[in-house]
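Input: a single structure, listed below in structure tokens.
Quick note: the coordinates plus some simple rules give every number you see, no bench work behind them. Model, not experiment: these values are computed from the prediction. Glycine also receives a Cβ, built like all others from the backbone with ideal geometry; neighbour counts cover every protein chain displayed.
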């Protein structure tokens with residue numbers, strides 16, 4: 001009986017990296033597809049300078065992804081640097097651009113706090129696409145990162161909000177970023193003996 005439980009636990013631990021790898025395999029093409037749309041728009045409008053600026057920033061973002069593609073976790077500092085680059089290229093799409101605010105509780109160590117890599121990007125992408133996309137300069141995305149204790153364990157809470165009109169119906173559809181994110185980070189269910 002104990003040996004059977006050990007095998008189940010070992011199988012779950014061995015399967016975890018595969019499910020995370022599958023998550024990134026789906027998320028990365030989705031991200032690239034959505035990130036290239038603004039470049040296409042600039043090219044169609046014959047906006048050469050904007051196209052080159054966008055391509056330069058997009059290339060920098062892709063270099064970051066390639067450097068960290070084998071990592072399931074990253075420091076909060078690196079994730080926020082990635083998000084700031086992502087926001088910069090997204091704001092090129094909009095004239096005037098939406099505003100973005102990031103508030104991190106000062107007691108949080110950005111370098112010593114780990115989170116799943118690319119966890120924030122799909123949520124922020126969703127806030128752009130379904131929230132502030134059509135609001136111009138009035139569009140606003142705010143990220144709050146705070147520390148809290150849950151069951152004697154120090155945790156961080158990340159809250160991402162926008163001032164868009166909201167969405168109706170189920171926006172978590174197969175193939176979309178939130179669906180992929182939700183699917184990739186589902187908690188394990190207890191197995192019966």
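Counted over segment 78-157 with a bin width of 5 Å, the fraction of Cα pairs per bin, in whole percents, is 3, 13, 24, 22, 15, 11, 7, 3, 1, 0. When you count the other C-beta atoms within 10 angstrom of each residue and take the mean per peptide, 54-61, 41-48 line up highest first as 54-61, 41-48.
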